[in-house]
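**Student:** I have a structure here, written as structure tokens, and I will follow up with some questions on it.
The values are calculated or read from the model by the stated rules, or taken from the named source; none is laboratory data. Quick caveat, the model's predicted, so the values are computed rather than measured. All Cβ positions, glycine included, derive from the backbone under ideal geometry; neighbour counts span all protein chains shown.
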Amino acid sequence: MNNLFDKRPRLARSNKVVSLSEAIDEIRNGDVLMMGSFVDTRRPMAAAYEIVRQQKHNLILLAQCSLAEDIMVGAGCAIAWRGCYTGIATFGLSPATLRKTEAGKFFPDEIGHLDIIYGALAAMVGSPFVATRATLGSDVLNDQLDRNRILIDKAGNKAMIPKKKFELIEDPFYNQGLVKLLPAMPADAAIIHTQMAGEKGTARISGSLAFDHYFVHAARTVIVTTEQIVPEEYLRRDPNRNQIPCTAVDMVVEIPWGGHPSQVMGYYDTDIPFIRDYVLSARTDEGFERWVGEWILDVKSRDQYLDKLGASRLEGLRAADPQGYRSRS
């Protein structure tokens, strides 16, 4: 394994529990950053808010530009993106991302859904690339839409961005025609929100894993935010249910409701009215600034954020057994 995929140096310690501000302080300006899970499920929203509070900038995002990423784009924390999805589910395109892109202040670089998986998997095993037919014949391969040079220019550590977006070759083994060589997708940092984690970093996810179980091995720094810290001994009673090993994790942050307004299976459901209000606000610069001021900059702690939401609203979102979510029937 070469240095590109090596972990950032940190003091080795058995207890990795830190505060949210301490964890986000480790994110550097210009980092290639992957925010875990997908669209509006188990998103590390509290971490995204803290990134805005700490005024990180020039981040390059991987995988998607959904709710958490859209907030960071609108706040000027992110400058570019390589991924496969730009939207907030039924609410359409990510509004702040759309505005910033049209204004020439944000630079998206599209790849395919399978490309995300293959690229993360390659970085996970220390391979510089994989061969695939994914996206052949699509505009992902359109030279006029290739922003790889922009990503290199914006990255803090330029070695994290491949020299080129892809390479086309003829299959040298089975004569199966044209294949695409896809570069690995290492990240400077990954932030994953989970239902449970131990103090040493072992983490358990319920529901969809998305790409998280790959990116924790493809990132040089891994931060796990979690609904609940439990003893490592408890998690190891049933190790087959743990998807993230402690050896992959650098820091653990306990932050109940840390995924709100997204859904966290077994804990709470999606706060659809909250997301709708954000989308309506973020359609303009002024509306976005008001929203960020109200829900991030003027709210100094997660406790204040939860107090502002109110107990009745939170109770209305709390998951009910056996479904693991809040039934609307």
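**Student:** Before we move on, is Ala46 part of a strand (DSSP E or B) and in contact with a Lys or Arg (Cβ under 7 Å, 6 or more places away or on another chain)? Quick ask: steps written out before the conclusion?
**Tutor:** Values: part of a strand (DSSP E or B): no; in contact with a Lys or Arg (Cβ under 7 Å, 6 or more places away or on another chain): yes.
Taking the combined requirement at face value, the residue does not satisfy it.
**Student:** Moving on. I'm checking my understanding of the structure. Among residues of segment 161-198 that are polar (S, T, N, Q) and part of a strand (DSSP E or B), which one is surrounded by the fewest Cβ atoms within 10 Å (Cβ to Cβ)? Break it down stepwise before answering.
**Tutor:** From segment 161-198, those polar (S, T, N, Q) are 175-176, 194-195; that's our starting set.
Narrowing further to those that are part of a strand (DSSP E or B): 194-195.
Details: Thr194: 28, Gln195: 20.
My answer is Gln195.
**Student:** Please pick out the residue among Ile60, Ile51, Ile27 that is in a helix (DSSP H, G or I) and modelled with pLDDT of 95 or more. Lay out the reasoning, then the answer.
**Tutor:** Values: Ile60 fails: in a helix (DSSP H, G or I); Ile27 fails: in a helix (DSSP H, G or I).
The unique qualifying residue is Ile51.
**Student:** Taking the condition of being under 22 Å from the mean Cα position of the chain (by Cα) and not in a helix (DSSP H, G or I), how many residues in segment 285-303 meet it? Before the answer, list the steps.
**Tutor:** Our first condition is that a residue be under 22 Å from the mean Cα position of the chain (by Cα); within segment 285-303, this holds for 288, 291-292, 295-297, 301-302.
After this cut, where a residue has to be not in a helix (DSSP H, G or I) as well, the list is 301.
The total comes to 1.
**Student:** Select from segment 264-281 the residues that are of a type outside the set (Ser, Thr, Tyr) and either surrounded by 19 or more Cβ atoms within 10 Å (Cβ to Cβ) or within 24 Å of Asp303 (Cβ to Cβ) (or both) and list them in ascending order.
**Tutor:** Across segment 264-281, the qualifying residues are Val264, Met265, Gly266, Asp269, Asp271, Ile272, Pro273, Phe274, Ile275, Asp277, Val279.
Conditions tested, residue by residue: (1) at positive phi; (2) modelled with pLDDT of 95 or more; (3) of a type in the set (Lys, Arg).
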site	(1), (2), (3)
Phe107	no, yes, no
Tyr118	no, yes, no
Gln144	no, no, no
Arg147	no, yes, yes
Glu170	no, yes, no
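**Student:** Restricting the search to segment 127-142, which residues are at negative phi and touching a Gly at 6+ places or on another chain (Cβ under 8 Å)? Let's see the steps before the verdict.
**Tutor:** Residues of segment 127-142 at negative phi: 127-134, 136, 138-142.
Listed by number, the residues that qualify are Val130, Ala134, Ser138, Val140.
**Student:** Quick check on my filter: what residues within segment 304-327 are of a type in the set (A, V, I, L, M), within 26 Å of the chain's Cα centre (by Cα) and either loosely packed, with under 15 Cβ neighbours inside 10 Å or in a helix (DSSP H, G or I) (or both)? Before the answer, list the steps.
**Tutor:** Residues of segment 304-327 of a type in the set (A, V, I, L, M): 306, 309, 311, 314, 317, 319-320.
Next, from what is left, pick out any that are within 26 Å of the chain's Cα centre (by Cα): 306, 309, 314, 317, 319.
If the condition is that a residue be of a type in the set (A, V, I, L, M), within 26 Å of the chain's Cα centre (by Cα) and either loosely packed, with under 15 Cβ neighbours inside 10 Å or in a helix (DSSP H, G or I) (or both), then Leu306, Leu309, Leu314, Leu317 are the ones that fit.
**Student:** Taking segment 234-263 on its own, how many of its residues are assigned to a helix (DSSP H, G or I), in contact (Cβ under 8 Å) with a residue 12 or more places away in the chain and surrounded by fewer than 17 Cβ atoms within 10 Å (Cβ to Cβ)?
**Tutor:** 4
**Student:** Another question, if that's okay. Working carefully through the options Asp321, Asp271, Asp285, Asp250, find the one that is closer than 21 Å to Ile223 by Cβ and not basic (Lys, Arg).
**Tutor:** Only one candidate qualifies: Asp250.
**Student:** Consider segment 140-160. How many of its residues are crowded, with 19+ Cβ neighbours inside 10 Å and in a loop (DSSP other than H, G, I, E, B)?
**Tutor:** Total satisfying the criteria: 1.
**Student:** Quick one: is Ala78 within 18 Å of the chain's Cα centre (by Cα), in contact (Cβ under 8 Å) with a residue 60 or more places away in the chain and either surrounded by 19 or more Cβ atoms within 10 Å (Cβ to Cβ) or within 22 Å of Ala190 (Cβ to Cβ) (or both)?
**Tutor:** no
**Student:** Hey, could you check segment 81-105 for residues that are assigned to a loop (DSSP other than H, G, I, E, B) and of a type in the set (S, T, N, Q) and say which is surrounded by the fewest Cβ atoms within 10 Å (Cβ to Cβ)?
**Tutor:** Among them, the one singled out is Thr86.
Condition check ((1) modelled with pLDDT of 95 or more; (2) within 19 Å of Thr247 (Cβ to Cβ); (3) among the aliphatic types (A, V, I, L, M)) across all residues:
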| residue | (1), (2), (3) |
| --- | --- |
| Thr132 | yes, no, no |
| Thr135 | yes, no, no |
| Met185 | yes, no, yes |
| Ala197 | yes, yes, yes |
| Ala203 | yes, yes, yes |
| Ile223 | yes, yes, yes |
| Thr226 | yes, yes, no |
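**Student:** Also, quick follow-up: Kindly indicate which of Ala189, Ala159, Ala155 is in contact with a Gly (Cβ under 9 Å, 6 or more places away or on another chain), among the hydrophobic types (A, V, I, L, M, F, W, C) and within 23 Å of Asp109 (Cβ to Cβ).
**Tutor:** Ala155
**Student:** Quick check, is Asp70 in a helix (DSSP H, G or I), at pLDDT 95 or above, surrounded by fewer than 21 Cβ atoms within 10 Å (Cβ to Cβ) and among the acidic types (Asp, Glu)?
**Tutor:** It is false that Asp70 is in a helix (DSSP H, G or I), at pLDDT 95 or above, surrounded by fewer than 21 Cβ atoms within 10 Å (Cβ to Cβ) and among the acidic types (Asp, Glu).
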